[in-house]
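The values are calculated or read from the model by the stated rules, or taken from the named source; none is laboratory data. Owing to the predicted nature of the structure, the values given are computational and were not obtained by experimental measurement. With ideal geometry, Cβ positions are generated from the backbone for all residues, glycine too; neighbour counts draw on all protein chains shown. These area figures cover heavy atoms from the full protein model, side chains too; ligands, DNA and RNA do not enter into them. Shrake-Rupley method; radii C 1.70, N 1.55, O 1.52, S 1.80 Å.
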Amino acid sequence: MEAEKANGNREKKMSRKEMLEKKKLVEEIIKAASSEKDHLSCFPTFRQCHRNGLSVYLESGRGNKLSSQLKQYIQCLFKENMKGPYGSEWPSEEKVKRREMIAPEARYIFVYEIPTADDKDRDTANRIDDKGPIIGFVHYRFLIEEEIPVLYVYELQLEQRVQGKGLGDYLMQLIELIGHKSKMGAVVLTVQKANILAMKFYTSKLRYKVSAISPSRVYPGLGLQTNYEILCKTFGYEAKAMLEGSGTNEEN
């Protein structure tokens with residue numbers, strides 16, 4: 001009996017040791033990903049994109065190194081695109097987003113339009129630091145969800161005039177590549193239920209699933225009353241088990 005008890009205690013200690021080692025490994029993965037200065041440097045072919053008559057180039061950025069022009073642009077575009085979907089929650093959400101956008105852990109991909117010869121007379125209001133007009137951005141971070149390292153997309157915002165040209169697909173493909181390269185277990189994002197087009201884009205077109213950590217699944221009944229869903233696309237078995245769980249909607 002004593003021998004069995006000792007073996008049991010040893011297994012528990014080993015289990016705890018493994019858990020601590022795993023936690024340390026995940027934290028190191030997040031730290032390494034967050035310390036990378038320019039995630040686009042690993043994907044040089046993605047810096048420029050030509051789709052459906054639109055040519056753009058991409059640049060990386062950090063929340064604590066944004067110029068005043070970029071801060072203003074981010075705020076204005078976010079308000080233009082999201083004030084409607086947030087509804088009555090907009091005033092409080094706007095304050096939260098203002099704080100989030102300048103956080104040191106915030107990472108950005110900025111989308112600039114490459115002007116053509118016919119664009120010389122175009123309004124230059126959105127030109128930043130003598131670059132082409134900025135037309136959108138992705139705000140993402142490296143976080144831990146359910147003990148899994150994830151790339152969390154906080155915002156993907158594009159000006160209305162360039163929506164529907166394949167830029168969203170292109171940017172999310174890049175985000176998923178960055179996630180893979182950075183050893184993340186998944187890409188996670190939040191979508192307002194009122195933003196029907198975005199929900200359809202992620203679940204139907206990009207095959208993201210409602211996560212096991214989304215309110216509608218954590219609190220069945222009560223969760224259905226929330227205004228948002230948390231979606232995910234996982235890259236491995238462990239992440240799939242923790243973030244998708246059981247009972248995911250396979251047709252999504």
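Remark: pairs (first residue in region 165-186, within 17 Å of L197 (Cα to Cα); second residue modelled with pLDDT of 95 or more and open to solvent by 20 Å² or more (accessible area, probe 1.4 Å); Cβ separation under 7 Å; 6+ apart in sequence or on different chains) = G168/L156; G168/F201; L171/L156; M172/L206.
Of the residues in region 57-69, not one is on the phi > 0 side of the Ramachandran plot and over 18 Å from the mean Cα position of the chain (by Cα). The residue of region 49-63 that is nearest to L143 (Cα to Cα), among those that are at pLDDT 95 or above and either open to solvent by 80 Å² or more (accessible area, probe 1.4 Å) or charged (D, E, K, R) (or both), is R62. Scanning region 199-223 for residues that are among the hydroxyl-bearing types (S, T, Y), in contact with a strand residue (DSSP E or B) (Cβ under 8 Å, 6 or more places away or on another chain) and part of a loop (DSSP other than H, G, I, E, B) yields Y208, S211, S214.
For every residue, the table says whether it meets (1) hydroxyl-bearing (S, T, Y); (2) more than 30 Å from L54 (Cβ to Cβ); (3) crowded, with 18+ Cβ neighbours inside 10 Å.
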residue: I148; (1), (2), (3): no, yes, yes
residue: R161; (1), (2), (3): no, no, no
residue: G166; (1), (2), (3): no, no, no
residue: T190; (1), (2), (3): yes, no, no
residue: K193; (1), (2), (3): no, no, no
residue: L222; (1), (2), (3): no, yes, no
residue: L231; (1), (2), (3): no, no, yes
residue: T234; (1), (2), (3): yes, yes, yes
residue: Y237; (1), (2), (3): yes, yes, no
